[in-house]
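> The structure that follows is given in the form of structure tokens.
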Amino acid sequence: MALAPKSPNVIAKYLPIYFLLLAIAGIEFFVAFRITSTTALLTLLLGFAVCSAALALLFFMHLVEERRALFFSLIPATIFVLLMMNMIWSDSYRLLRMKPFPH
Amino acid sequence: MSDSQATAAAAHGHGAYMEESPYAIPSRKLTMWLFIISDAVTFGAVLMAYGYLRVASSDWPTPFKFTPSILNVMIMTFVLITSSLTMLGAVDSAKLGDKAKTSRFLWSTVLLGAIFAGLHIREWLGMIGEGVRLFQNPWGSSLFGATFFCITGLHLLHVFCGIIAIIVVARKFANGSLTAGHVETTGLYWHFVDLVWMFVVPLIYLTNIQH
């Protein structure tokens, strides 16, 4: 009797990235209770968030499999816009008080 | 018209007669990428505005305890990352033409998304129960509630939209009116929702833990 063809395990190849994302999330929760300095914690957590986002973009959203042109058209421009927006926010906050930040 | 032109026209529309797609992806996928980029800038704007308020306020509240808030957020994070995995299963099953498996993965994603939304609403109700409103709270800066509800609410809105989109795609893919490409495009959106959560958790919750 012929056996029906076995359907491939489609999620198996994504499991390493999945567990890596869970591990990064776990580390984030751990360090949040360990570090009390807001600046140090924020820097560390943003670093972890950027790593998680990069993994999700490259492997879950398959950006690593697309043409490089797509990556270079989208990602650097987005990062540039976000950084520029960061500059504008600080300026708008300063203007709100009508004086420069105290030194 | 050559066979390759006919295939390209079927995949990319009549624009394919004039020039090839520079990214070698269907226009619907490119459109979703452009939407994701614009949405990323929207979230970037609100998160940066929150960051400035958070750093500039001397009396910013740090109300999140391990239980119930942080534990709830840990479960939510696990559920959302797992829903991304089931979405990936749906995309790859759809590409292989396995409709039954695609359907199972898509409905699993819907279920996990609904669990995430339910936990999110439970978190909101807990905060409201503690007296947090848009412009007042019992602890400190009055803008805490506004930023908390706006940022998590914007993310929750994306989750609701994603759940509705996946339900529509699951039903239409099952009856053959949508293709694997549609499943993949919806998957891109769902992974983006997951990606945004990776920034919301540290900025909104983990920097405001009650030590």
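The values are calculated or read from the model by the stated rules, or taken from the named source; none is laboratory data. These numbers come from a predicted model, not from an experiment. Cβ atoms come from the backbone with ideal geometry, glycine included; neighbour counts cover every protein chain shown.
> Given the options B:Leu143, B:Leu106, name the one that is more than 25 Å from A:Phe60 (Cβ to Cβ), within 14 Å of chain A (Cβ to nearest Cβ) and hydrophobic (A, V, I, L, M, F, W, C). Quick ask: steps written out before the conclusion?
Working: B:Leu106 fails: more than 25 Å from A:Phe60 (Cβ to Cβ).
None of the others qualify; the one that does is B:Leu143.
> Would you confirm, using the coordinates I've provided, whether B:Ile81 is in contact with a strand residue (DSSP E or B) (Cβ under 9 Å, 6 or more places away or on another chain), assigned to a helix (DSSP H, G or I) and crowded, with 17+ Cβ neighbours inside 10 Å? Talk me through it step by step, then tell me what you get.
Numbers: in contact with a strand residue (DSSP E or B) (Cβ under 9 Å, 6 or more places away or on another chain): no; assigned to a helix (DSSP H, G or I): yes; crowded, with 17+ Cβ neighbours inside 10 Å: yes.
Criteria not met by B:Ile81.
> Then there's this: In the stretch A:31-67, how many are in contact with a Leu (Cβ under 7 Å, 6 or more places away or on another chain) and outside any helix (DSSP H, G or I)?
Within the stretch A:31-67, the subset in contact with a Leu (Cβ under 7 Å, 6 or more places away or on another chain) is A:31-32, A:35, A:45, A:52-53, A:55-57, A:60-61, A:63-64.
Keeping just the survivors that are outside any helix (DSSP H, G or I) gives A:35, A:61.
Within the stretch A:31-67, residues that are in contact with a Leu (Cβ under 7 Å, 6 or more places away or on another chain) and outside any helix (DSSP H, G or I) number 2.
> If you scan the stretch B:163-186, which residues turn out to be under 22 Å from B:Gly118 (Cβ atoms) and in contact with a helix residue (DSSP H, G or I) (Cβ under 7 Å, 6 or more places away or on another chain)?
B:Ile163, B:Ala165, B:Ile166, B:Ile167, B:Val169, B:Ala170, B:Thr186
> While we're here: If you go through the stretch A:17-24 one residue at a time, do you hit one that is over 16 Å from B:Thr86 (Cα atoms) and among the small types (Gly, Ala, Ser)?
yes
> Picking from B:Phe144, B:Phe116, which residue would you name as being under 24 Å from B:Ala49 (Cα atoms) and among the aromatic types (Phe, Trp, Tyr)? Show your work before the answer.
Details: B:Phe116 fails: under 24 Å from B:Ala49 (Cα atoms).
The unique qualifying residue is B:Phe144.
> Kindly check whether there is at least one residue in the stretch B:201-209 that is touching an Asp or Glu at 6+ places or on another chain (Cβ under 8 Å), within 14 Å of chain A (Cβ to nearest Cβ) and more than 21 Å from B:Ala56 (Cα to Cα). Show your work before the answer.
Quick first cut of the stretch B:201-209, residues touching an Asp or Glu at 6+ places or on another chain (Cβ under 8 Å) only: B:201-202, B:206.
When the remaining residues are screened for being within 14 Å of chain A (Cβ to nearest Cβ), the result is B:201-202, B:206.
Narrowing the set further to residues that are more than 21 Å from B:Ala56 (Cα to Cα) leaves none.
Looking through the stretch B:201-209, none of the residues is touching an Asp or Glu at 6+ places or on another chain (Cβ under 8 Å), within 14 Å of chain A (Cβ to nearest Cβ) and more than 21 Å from B:Ala56 (Cα to Cα).
> For the stretch B:122-158, name all the residues that are of a type in the set (Val, Ile, Thr), assigned to a helix (DSSP H, G or I) and in contact (Cβ under 8 Å) with a residue 12 or more places away in the chain.
To start, the set of residues in the stretch B:122-158 that are of a type in the set (Val, Ile, Thr) comprises B:128, B:132, B:147, B:151-152.
Subsequent filtering for residues that are assigned to a helix (DSSP H, G or I) retains B:128, B:147, B:151-152.
B:Thr147, B:Ile151, B:Thr152 - these are the residues of the stretch B:122-158 that are of a type in the set (Val, Ile, Thr), assigned to a helix (DSSP H, G or I) and in contact (Cβ under 8 Å) with a residue 12 or more places away in the chain.
> Any idea which of A:Leu74, A:Leu21 is free of Cβ contacts under 8 Å to residues at least 12 places away in the same chain and part of a helix (DSSP H, G or I)?
Only one candidate passes the filter, namely A:Leu74.
> For the stretch B:95-108, does any single residue satisfy the condition of being small (Gly, Ala, Ser) and in contact with a helix residue (DSSP H, G or I) (Cβ under 6 Å, 6 or more places away or on another chain)? Let's see the steps before the verdict.
Of the stretch B:95-108, the ones small (Gly, Ala, Ser) are B:97, B:100, B:103, B:108.
Still in the list and also in contact with a helix residue (DSSP H, G or I) (Cβ under 6 Å, 6 or more places away or on another chain): B:103, B:108.
Within the stretch B:95-108, one or more residues are small (Gly, Ala, Ser) and in contact with a helix residue (DSSP H, G or I) (Cβ under 6 Å, 6 or more places away or on another chain).
> Here are B:Val183, B:Val196: which of them is touching a His at 6+ places or on another chain (Cβ under 7 Å), surrounded by 19 or more Cβ atoms within 10 Å (Cβ to Cβ) and within 29 Å of A:Ala49 (Cα to Cα)? Break it down stepwise before answering.
Values: B:Val183 fails: touching a His at 6+ places or on another chain (Cβ under 7 Å).
Among B:Val183, B:Val196, only B:Val196 is touching a His at 6+ places or on another chain (Cβ under 7 Å), surrounded by 19 or more Cβ atoms within 10 Å (Cβ to Cβ) and within 29 Å of A:Ala49 (Cα to Cα).
> Look at the stretch B:43-54 and say how many of its residues are free of Cβ contacts under 8 Å to residues at least 40 places away in the same chain and either more than 9 Å from every other protein chain (Cβ to nearest Cβ) or out of contact with any helix residue (DSSP H, G or I) (no Cβ under 8 Å at 6 or more places or on another chain) (or both).
0
> State whether one or more residues within the stretch B:58-70 are basic (Lys, Arg) and at pLDDT below 90. First the steps, then the outcome.
Step one: filter the stretch B:58-70 for residues basic (Lys, Arg), giving B:65.
Next, only the ones that are at pLDDT below 90 stay: none.
No, the stretch B:58-70 contains no residue that is basic (Lys, Arg) and at pLDDT below 90.
> Next question. Within the stretch B:84-109, track down each residue that is surrounded by 17 or more Cβ atoms within 10 Å (Cβ to Cβ) and farther than 12 Å from B:Phe173 by Cβ.
Within the stretch B:84-109, B:Ser84, B:Leu85, B:Thr86, B:Met87, B:Leu88, B:Gly89, B:Asp92, B:Ser108, B:Thr109 qualify.
> Hey, another quick one. Quickly run through the stretch B:17-42 and pick out the residues that are under 11 Å from A:Arg67 (Cβ atoms) and either in contact (Cβ under 8 Å) with a residue 24 or more places away in the chain or polar (S, T, N, Q) (or both).
Matches in the stretch B:17-42: B:Ser21 only.
> Does the stretch B:100-107 contain at least one residue that is farther than 21 Å from B:Leu154 by Cβ, touching a Gly at 6+ places or on another chain (Cβ under 9 Å) and part of a loop (DSSP other than H, G, I, E, B)?
no
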